[in-house]
1. Any idea of Met97's accessible area? Nearest 10 Å², probe 1.4 Å.
2. How many nm separate the modelled label positions at Asn7 and Ile60, each set 7 Å beyond the Cα in the direction of the Cβ?
3. Relative to the present Cα-Cα distance, how much length would full extension add between Gln74 and Arg34 at 0.36 nm per residue of separation?
4. Of the options Leu55, Pro66, Ile37, report the single residue whose Cα projects farthest towards the positive end of the charge dipole of the range 30-74 (beta-carbon charges: Lys, Arg +1; Asp, Glu -1).
5. Report the accessible area of Phe105, computed with a 1.4 Å probe over the heavy atoms of all protein chains in place, in Å² rounded to the nearest 10.
6. Given a 1.4 Å probe and heavy atoms of the protein chains only, how would you sort Thr61, Thr112, largest accessible area at the top?
7. Quantify how much of the Cα-Cα distance distribution of the range 27-114 extends past 16 Å, in percent.
8. Might you work out the accessible area of Arg82 for me, using a 1.4 Å probe with all protein chains in place, and round it to the nearest 10 Å²?
Amino acid sequence: KIVYCNNIQSPMVTGILKKYILLPDLNYTDQQMRHIIIHELQHIKNFDIYIELLLEILVITYWWFPPIYLLKRQVELITEMRVDKQVMDLLDPNEYMDYIETLIFVKRAVLTTEDDFYPDNIVHLPLVKKIKTC
């Protein structure tokens, strides 16, 4: 099930037993919607929600141990990079740039509508660690 939300930072999957794809309420083209859905379905296929749950349990348990936050961030980054690679393997090579443009479109659109609530305004691109947005 796909749910549009105004107050989320990026598309995401939620739910333990019944999965929901949450999307920022933006005007997507058909191609952008296809890319986003493929990306989020890949998270479901990889059981990434359970990896996130385990990470949260570790952070709650070891909240006093600063390296746990670094571990969480690195695992999240690796998870996103893995999914981006899997999506690009499914796409035609001519669509690679369109996929990257979809990721940038979503991040820019959300950044222009939020009130600096998210301090780490970054864009995750396939095989790129971090890019600060202007």
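The values are calculated or read from the model by the stated rules, or taken from the named source; none is laboratory data. From a predicted model like this one, the values you see are computed outputs, not experimental measurements. Here the Cβ is made from the backbone with ideal geometry for all residues, glycine too, and neighbour counts use every protein chain on show. Side chains included, ligands, DNA and RNA excluded: accessible areas come from the protein's heavy atoms. Shrake-Rupley method; radii C 1.70, N 1.55, O 1.52, S 1.80 Å.
1. 120
2. Each label point lies 7 Å from its Cα, and together they span 2.1 nm.
3. On the way: separation 40, 0.36 × 40 = 14.40 nm, distance 2.70 nm.
Extra length available between Gln74 and Arg34 comes to 11.7 nm.
4. The Cα lying farthest towards the positive end belongs to Pro66.
5. In the full protein context, Phe105 sits at about 60 Å².
6. Numbers: Thr61 75, Thr112 115 Å².
So the residues, ranked largest to smallest area, are Thr112, Thr61.
7. On the way: 2349 of 3828 pairs.
Percent of Cα pairs beyond 16 Å in the range 27-114: 61.
8. 90
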